[in-house]
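The values are calculated or read from the model by the stated rules, or taken from the named source; none is laboratory data. This structure is a prediction, so every number in the text was calculated from the model and none was measured. Neighbour counts are summed over all protein chains in view; Cβ atoms, including those assigned to glycine, are modelled from backbone coordinates with ideal geometry. In case anyone asks, the SASA skips ligands and DNA or RNA and just uses the protein heavy atoms, side chains included. Shrake-Rupley method; radii C 1.70, N 1.55, O 1.52, S 1.80 Å.
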Amino acid sequence: QVQLVESGGGLVHAGGSLRLSCAAFGRILSPYTVAWYRQAPGKQRELVATITSGTSIGYADSVQGRFFISRDNAKNTAYLQMNSLRPEDTAVYYCRHSQGGYDKWGQGTQVTVSS
């Protein structure tokens, strides 16, 4: 059974940076896409960034140029570098692995950006 564990969240002032990590524990049998989502209080969960097994990358318009997704397949770990953070980036951030029938979510990590 694969488990995803996010880390790196916290409280930061506007304009600051954080780096989130998503470590996978267990045996993963197939290539997979990694995605970062976020959910702010009272709002729907939204897709922030994706990176495929072929390292194709996509970003939500709201984070383009500020957030950067990457992955280290040898470590089964993905990252989300978040720069120039804004109060509206405050949310719980989740990572997700998906490919075909393989679909796993982490438990989330809180990011709070103060103005």
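Any idea of the accessible area per residue across the chain, 1.4 Å probe, to the nearest Å²?
For the chain, the per-residue accessible area is 53 Å².
Counting DSSP beta bridges with both partners in the chain, what percentage is antiparallel, nearest 5?
Working: 39 of 43 bridges.
Taking every DSSP beta bridge with both residues in the chain, the antiparallel ones total about 90 percent.
Take the Cα radius of gyration of the chain and divide it by 2.2 N^0.38 Å, with N its residue count; two decimals is plenty.
Scaled against compact globular proteins, the figure is 1.01.
What does the charge dipole of segment 54-108 about its Cα centre add up to, to the nearest 20 debye, if the Cβ of each Lys and Arg holds +1 and the Cβ of each Asp and Glu holds -1? Before the final figure, lay out the partial values.
On the way: 6 positive and 5 negative charges, 33 e Å.
Rounded to the nearest 20 debye, it is 160 debye.
Using a 1.4 Å probe on the protein heavy atoms, what percent of the accessible area of the chain belongs to carbon and sulfur? Each step should come with its number before you reach the end.
On the way: 2950 of 6070 Å².
Carbon and sulfur atoms account for 49 percent of the accessible area of the chain.
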